[in-house]
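Beneath this line is the structure, given in structure tokens, with notes to follow.
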Amino acid sequence: MQLYECKRSILKTSYLTDTEKKTACKIAIESGAHFVKTSSGFAACGARINDIKLLSRVAEGRIKIKASGGIKDLETARVMIRAGAARIGTSSGIQIVEELLYGRERLDIEQ
């Protein structure tokens, strides 16, 4: 059985200039990575819409983008996906799915 290997590069975009982000994305593409990730979740700030758009333009479909950090609600997730993110990294996955399924009011699953 052959396992699928997924390589990703974490760019920590909050610490980089736009020029450095472009260069890092190009290096990730050339290295054979499948994804570039905006953050490890421990940076000063998480994914920003402008970073996703920038990486998407540089990627030109050659690598996928994972928006990580600071994504706490459905609307933010949707904005990131529209901007070019193929994956979302969040610790709020349950809340986002509840919002998708049941609207803005959070479902209380303990009742």
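What are the residues in the stretch 7-56 that are charged (D, E, K, R) and without any contact (Cβ under 8 Å) to a residue 12 or more places away in the chain, if any? Full working, then the answer.
From the stretch 7-56, those charged (D, E, K, R) are 7-8, 12, 18, 20-22, 26, 30, 37, 48, 51, 53; that's our starting set.
Across the stretch 7-56, the qualifying residues are 20, 30.
Yes/no per residue for (1) modelled with pLDDT under 95; (2) out of contact with any Phe, Trp or Tyr (no Cβ under 8 Å at 6 or more places or on another chain); (3) surrounded by 15 or more Cβ atoms within 10 Å (Cβ to Cβ):
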| residue | (1), (2), (3) |
| --- | --- |
| 15 | yes, yes, no |
| 34 | yes, yes, yes |
| 38 | yes, yes, yes |
| 43 | yes, no, yes |
| 46 | yes, yes, yes |
| 52 | no, yes, yes |
| 58 | no, yes, yes |
| 65 | no, no, yes |
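With the requirement that a residue be under 18 Å from residue 91 (Cβ atoms) and either more than 15 Å from the chain's Cα centre (by Cα) or of a type in the set (Phe, Trp, Tyr) (or both), what does the stretch 1-45 give you?
42, 44
When residue 62 is evaluated against the numbered criteria (1) touching a helix residue (DSSP H, G or I) at 6+ places or on another chain (Cβ under 6 Å); (2) free of Cβ contacts under 8 Å to residues at least 24 places away in the same chain; (3) not hydrophobic (A, V, I, L, M, F, W, C), which criterion, by number, is the only one it fails?
(2)
The values are calculated or read from the model by the stated rules, or taken from the named source; none is laboratory data. None of these values were measured; they are calculated from a predicted model. Here Cβ is always computed from backbone atoms with ideal geometry, including for glycine, and neighbour counts include all displayed protein chains.
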